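One structure is given below, encoded as structure tokens.
The values are calculated or read from the model by the stated rules, or taken from the named source; none is laboratory data. What you see is a predicted model; the values in this text were computed from it and never measured. All Cβ positions, even for glycine, are placed from backbone atoms using ideal geometry, and neighbour counts span all protein chains on display.
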């Protein structure tokens with residue numbers, strides 16, 4: 001949702017709510033980061049530490065890592081090009097499928113008592 005975009009516009013009686021999902025990395029949980037989120041009125045979704053099964057972005061990073069592995073870049077420029085090409089090739093459909101998988105992911109994590117699942 002970008003300000004002025006089709007999904008949200010200021011002044012229409014609707015308050016934009018921003019929810020951020022992050023992986024509890026120390027960079028994201030530092031005092032400075034917490035202060036920034038609070039100042040910018042960004043809510044953080046609580047989740048267990050080290051929980052890639054509940055973080056669909058990890059699947060997308062996996063896609064990028066696979067593309068890099070297949071391309072076998074020989075230098076930093078080639079690496080950067082592979083990463084950009086792979087990232088720009090991620091489709092909206094892929095993202096929607098990952099988001100739609102969240103109820104199943106949550107069920108699997110609960111059923112597995114928080115341990116790793118197929119996701």
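Things to note:
- When we screen 93, 78 for residues that are farther than 24 Å from residue 116 by Cα, more than 18 Å from the chain's Cα centre (by Cα) and either modelled with pLDDT under 95 or in a helix (DSSP H, G or I) (or both), the only hit is 78.
- Residues being under 24 Å from residue 52 (Cα atoms) and at pLDDT below 60 - total across the range 2-33: 0
- All positions within the range 48-72 that are surrounded by fewer than 15 Cβ atoms within 10 Å (Cβ to Cβ) and in a loop (DSSP other than H, G, I, E, B): 48, 49, 50, 72
- Qualifying residue in the range 52-63 (condition: within 14 Å of the chain's Cα centre (by Cα) and at positive phi): no
- Residue, surrounded by the most Cβ atoms within 10 Å (Cβ to Cβ), within the range 26-47, restricted to residues that are part of a helix (DSSP H, G or I) and under 19 Å from the mean Cα position of the chain (by Cα): 37
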